[in-house]
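Visitor: Okay, here's the structure, questions in a sec.
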Amino acid sequence: MSDSSSSTAPPGGGPPVPPGRPGRGAGGGGGVHIAEELEVYFNEHAHGRPVGFVASPKWKPPTDVYETADDLIFHMDIAGMQPDDFSVELAEGLLTIAGERAPRQEGKRHYHSMEVQVGPFERRFRVPVPVEPTSLRATYEDGFLEVRLRKLPRLPGPQSVKVT
């Protein structure tokens with residue numbers, strides 16, 4: 001006799017998958033980006049401020065986010081595009097980079113490996129430091145999109161205010 005609520009082993013072995021939950025890993029799909037959700041959660045709690053990305057159903061080009069002395073920089077690896085293929089928007093502390101990468105060739109193919117993603121993509125980042133919104137600049141060169149924001153100056157030492 002079989003219990004319909006029990007876990008089942010995925011094809012090819014591995015740990016059982018609870019009913020109603022898609023498997024992860026090769027061929028799993030499922031659309032859930034648990035690692036990204038965990039990173040957002042960890043960054044918000046460990047650093048005391050929101051950083052990282054916000055979940056989205058579209059594919060996500062790899063992006064480095066770093067600071068220099070004057071700027072906050074988003075450096076996205078996204079070959080095969082043109083500058084007009086992107087939309088870059090900053091609103092309420094959230095930077096959104098979106099676009100669509102078209103397939104290189106039309107027609108039927110038999111893939112042996114398919115790792116280059118095509119179609120619509122979107123990345124949304126919480127801006128982790130105070131920036132000047134009007135300083136938003138984006139350039140695309142050699143397969144990389146670079147988005148820059150001028151950081152606002154931080155005052156040295158602790159800040160205080162007189163209570164009135």
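Visitor: Answer with yes or no whether Glu89 is farther than 30 Å from Leu155 by Cβ and within 15 Å of the chain's Cα centre (by Cα).
Guide: In short, no.
Visitor: Quick test of your reading of the structure: Leu149 fulfils all but one of (1) farther than 18 Å from Trp59 by Cβ; (2) part of a loop (DSSP other than H, G, I, E, B); (3) in contact with a Pro (Cβ under 9 Å, 6 or more places away or on another chain). Name the failing condition by number.
Guide: Among (1) farther than 18 Å from Trp59 by Cβ; (2) part of a loop (DSSP other than H, G, I, E, B); (3) in contact with a Pro (Cβ under 9 Å, 6 or more places away or on another chain), Leu149 violates only (2).
Visitor: Tell me yes or no: at least one residue of the stretch 131-140 is of a type in the set (Phe, Trp, Tyr) and under 15 Å from Met76 (Cβ atoms).
Guide: yes
Visitor: Further question on the same structure: Considering every residue within the stretch 154-161, establish whether at least one is free of Cβ contacts under 8 Å to residues at least 24 places away in the same chain and either surrounded by 10 or more Cβ atoms within 10 Å (Cβ to Cβ) or aromatic (Phe, Trp, Tyr) (or both).
Guide: no
Visitor: Looking only at the stretch 110-127, count every residue that is assigned to a loop (DSSP other than H, G, I, E, B) and at pLDDT 95 or above and tell me the total.
Guide: Within the stretch 110-127, residues that are assigned to a loop (DSSP other than H, G, I, E, B) and at pLDDT 95 or above number 1.
Visitor: Any residue at all in the stretch 80-88 that's modelled with pLDDT under 95 and at positive phi?
Guide: yes
Visitor: Cβ contacts < 7 Å: first residue over 22 Å from Glu92 (Cα atoms), restricted to the stretch 132-152; second residue part of a loop (DSSP other than H, G, I, E, B) and of a type in the set (A, V, I, L, M), any location; separation 6+ or different chain. Result?
Guide: Between residues of the stretch 132-152 that are over 22 Å from Glu92 (Cα atoms) and residues that are part of a loop (DSSP other than H, G, I, E, B) and of a type in the set (A, V, I, L, M), the close pairs are Tyr140/Met81; Gly143/Ile78; Gly143/Ala79.
The values are calculated or read from the model by the stated rules, or taken from the named source; none is laboratory data. For clarity, every value in this text was computed on a predicted model and none was experimentally measured. So basically every Cβ, Gly included, is an ideal-geometry build from the backbone, and we count neighbours across all protein chains shown.
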